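See below for the structure under consideration.
The values are calculated or read from the model by the stated rules, or taken from the named source; none is laboratory data. As the structure is a computational prediction, the values presented were derived from the model and not from experiment. Glycine also receives a Cβ, built like all others from the backbone with ideal geometry; neighbour counts cover every protein chain displayed.
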Amino acid sequence: MAVESVSLIPPSDTRIAVMGRVDATDPARMRIGYPGVTLRLRFEGPSLAMRVAATTPNSHLAVRVDGGEPRVIRLAQGESEVALADGLAAGEHTVDMVHRTETWVGVVTVLGFRLAPGARLLDPQPWPRRRMLFIGDSVTCSEGVDRLPDHRKGNPAGWDPSLSYGMLLARRFDAQCQLVCYGGRGLLRDWQGRGDVLNAPQFFDLAVPDELGPPVWDHSAYVPDVVVVSLGTNDFNLGIGAFPDREEWVGAYVRFVRAIRARYPEAHILLTEGAIVNDTPDRAQRSTLRAYLAETVARVADPKVRAIESRHYGGDAADAHPTGAEHAAMARDLEPLIRAAVGW
């Protein structure tokens, strides 16, 4: 269908291309929690607006029109209508809308899109054929990657998944990307030592990792060629006492890897310790985590499951999360390791 009106185009319209995990169980509402979720619309017309709702006043989006520089939008709490593009010249245009922040910062619900009278929505351009999935914590989610002059840890303006090591690597490999991550969470426990929250083995199966009635993700909707898992920073947080018990933690990781394998029988699964953990004179944090990962790989005994080592990047005085430049370095570090493991 080519004819459009000023009525709302539902988010379930098949001409809206979606990359990333969303809860689309209700055709009239698309809920987004994970960072990096990208909606792409191709249309003919002078403008495009989006009807949206946000659970907090902290959710941020990035909007890129026709491949130009991204414009960051901070959503108001509640329901609103935001202009994604306006005053465009005649002809075809493409708008990419990227969810910048992560679930605990706020959940965004897309209610629909509005074109100018006489404009029309076009069929979407296909995403790249290759698919990558990154499972992790706040580093994978890109917390702190966008360092503003007044940067403070946890500033909702500081997320920018397009500059995360995961999305940078996906672009290097010409691949789609899903960031399945949650700040402060780990394999068995979060940064405070809690095991009664959604840690990675739990949120891995969710479309939106919302503690209140989370929707289950249909893994058949996106089957990755490569899964990169970066966990352990929060499990091994030096502030919560002793390291996790080796047998308990390795056993849990073996079960998690096998759960990933059950969903994606042909995928390469690469385990890494991440950028923040590091040995200190008193605590062998990185060395211990690497040893646990090596034992996990040995126990799984799957030729497509490997451990790949990360370098330490310690952020700066304002925030221990890696900076944008450090995320770029992380991508450069991991690229040859992934190429060697996968054969790309």
In the list Glu326, Glu309, which residue meets the criterion of being part of a helix (DSSP H, G or I) and assigned by TED's automatic domain parsing to the domain that holds Tyr182? Glu326
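For the subset of the stretch 293-332 comprising residues that are among the charged types (D, E, K, R), surrounded by fewer than 17 Cβ atoms within 10 Å (Cβ to Cβ) and under 26 Å from Leu163 (Cα atoms), which member is nearest to the chain's Cα centre (by Cα)? It would help to see each step written out before you state the result.
In the first step, residues of the stretch 293-332 are kept if they are among the charged types (D, E, K, R); the result is 295, 299, 302, 304, 306, 309, 311, 316, 319, 326, 332.
With surrounded by fewer than 17 Cβ atoms within 10 Å (Cβ to Cβ) added as a condition, the list becomes 299, 302, 309, 311, 316, 332.
Filter once more, so that each one left must be under 26 Å from Leu163 (Cα atoms): 309, 311, 316, 332.
Details: Glu309: 21, Arg311: 21, Asp316: 23, Arg332: 19 Å.
For the stretch 293-332, the residue satisfying everything is Arg332.
Looking only at the stretch 176-207, count every residue that is part of a loop (DSSP other than H, G, I, E, B), under 13 Å from the mean Cα position of the chain (by Cα) and either closer than 22 Å to Asp218 by Cα or of a type in the set (Val, Ile, Thr) (or both) and tell me the total. Reasoning before the result, please.
Our first condition is that a residue be part of a loop (DSSP other than H, G, I, E, B); within the stretch 176-207, this holds for 182-199, 204-205, 207.
Right, trim to under 13 Å from the mean Cα position of the chain (by Cα) and you get 182-183, 204, 207.
Subset that is either closer than 22 Å to Asp218 by Cα or of a type in the set (Val, Ile, Thr) (or both): 182, 204, 207.
Total satisfying the criteria: 3.
Do we find that Ala252 is among the hydrophobic types (A, V, I, L, M, F, W, C), under 18 Å from Phe134 (Cα atoms) and assigned to a helix (DSSP H, G or I) in this structure? Before the answer, list the steps.
Numbers: among the hydrophobic types (A, V, I, L, M, F, W, C): yes; under 18 Å from Phe134 (Cα atoms): no; assigned to a helix (DSSP H, G or I): yes.
Answer is no for this residue.
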What's the total number of residues in the stretch 215-248 that are among the small types (Gly, Ala, Ser) and farther than 29 Å from Pro265 by Cβ? 3
Filter the stretch 156-175 down to residues that are in a helix (DSSP H, G or I) and either assigned by TED's automatic domain parsing to the domain that holds Pro57 or among the polar types (S, T, N, Q) (or both), then give me how many there are. 1
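Can you give me the ranges of the strands (runs of 3 or more DSSP E) entirely in the stretch 21-113 with at least 1 residues that are in the same structural domain as Gly158 (by TED's automatic domain parsing) and closer than 18 Å to Trp127 by Cβ?
Details: elements: 23-26, 29-32, 38-44, 48-54, 60-65, 71-74, 78-85, 92-99.
Output list is empty.
Any chance the stretch 333-340 includes a residue that's touching a residue at least 24 places away in the same chain (Cβ under 8 Å) and under 16 Å from Leu163 (Cβ atoms)? Give the derivation first.
Keep residues of the stretch 333-340 that are touching a residue at least 24 places away in the same chain (Cβ under 8 Å), which gives 334-335, 337-338.
Add one more test, that the residue is under 16 Å from Leu163 (Cβ atoms), and what stays is 334-335.
Checking the stretch 333-340: at least one residue is touching a residue at least 24 places away in the same chain (Cβ under 8 Å) and under 16 Å from Leu163 (Cβ atoms).
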